[in-house]
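Worksheet: one structure, shown below.
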Amino acid sequence: MIGETALVNATLPQRGPRFEIDEVVNVTMFGGPAFLLNLGPGGVAIQAMEILEPGCLFSLAFSLPDSDSEVLGLGKVVWSDRSGRAGLKFVGISDFDRTRLKRWLATQQSVN
């Protein structure tokens, strides 16, 4: 959640369910490291080390929690705040990775 931190851009509604990530998951990005906060079928929320500008594109790579599967893709910043948190919409992800992500999300829905 964003809480009371001022946003750089207006918050956009999340599409689809989001799953909070309870373990440290590193996100490798062109532009610096980040940590995964939550994950959904359409994108991710991350904690970056700097403020990300809405509209910017970043290459992403992260492992699905409790899995050996790595997801690679391209994300567009749709919101960010002054603490470095940001929401990225997937704008480029292979069909193979999207299928793995959907399967992982389905297992999370059945557990929760």
How far apart, in nm, are the 7 Å Cα→Cβ label points at Arg103 and Ser59? 2.5 nm
Backbone N within region 26-49 under 18 Å of label point (7 Å from Asp66 Cα along the Cβ vector): 26, 36-41
Output for region 15-112: trypsin sites (Lys or Arg not before Pro) sitting in coil per DSSP, at most 11 other Cβ within 10 Å, listed by number, reads Arg15, Arg82
Which chymotrypsin sites (Phe, Trp or Tyr not before Pro) from region 24-112 combine a DSSP loop assignment with at most 13 other Cβ atoms within 10 Å? Phe30
Under a crude label model (7 Å from the Cα following the beta-carbon direction), how far is Met49 from Glu20 in nanometres? 2.7 nm
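Coordinate-derived values only; no laboratory data. Fair warning: this is a prediction, and the values are worked out from it, not measured in the lab. Ideal geometry is used to build each Cβ from the backbone, glycine not excepted, and the neighbour counts take in all protein chains shown.
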